[in-house]
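Below is one structure, written out as structure tokens, with a few remarks after it.
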Amino acid sequence: MTGTTKTDRAVDIPLITAELAADEAGVTTATIRKWVQRGHLRPAGTQGRRRLFRLEDVFAAERTTHLARHHDHRSH
């Protein structure tokens, strides 16, 4: 299931569910929820009660959290 949203450039950007976002990032849906709770990822829209995300935001959150984990392991 995907949705779309309009940006100020009036370009359709596909939005994906947390399940698809998790598949694309190679993580679980629990990780997607954790990223949202910790402020690493913001939903870009909703479809009913489901949160929808931009794929580029999901990848940015994955990079941010991966770098943070990598940095934490290096500092010990």
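The values are calculated or read from the model by the stated rules, or taken from the named source; none is laboratory data. Just so it is clear, the model here is predicted, and its values are computed rather than measured. For the accessible areas, the whole protein counts, side chains as well, though only heavy atoms, and no ligand, DNA or RNA atoms are used. Shrake-Rupley method; radii C 1.70, N 1.55, O 1.52, S 1.80 Å.
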Once ARG50 and ARG69 are pulled to full extension, the length gained, defined as 0.36 nm per residue separation minus their Cα-Cα distance, is 4.0 nm
Keeping all protein chains in the complex and leaving out DNA, RNA and ligands, what accessible area do you get for GLU19 with a 1.4 Å probe, in Å² to the nearest 10?
90 Å²
If the chain between ASP23 and VAL11 were fully stretched, how many nm would it gain, using 0.36 nm times the residue separation less the Cα-Cα distance?
1.8 nm
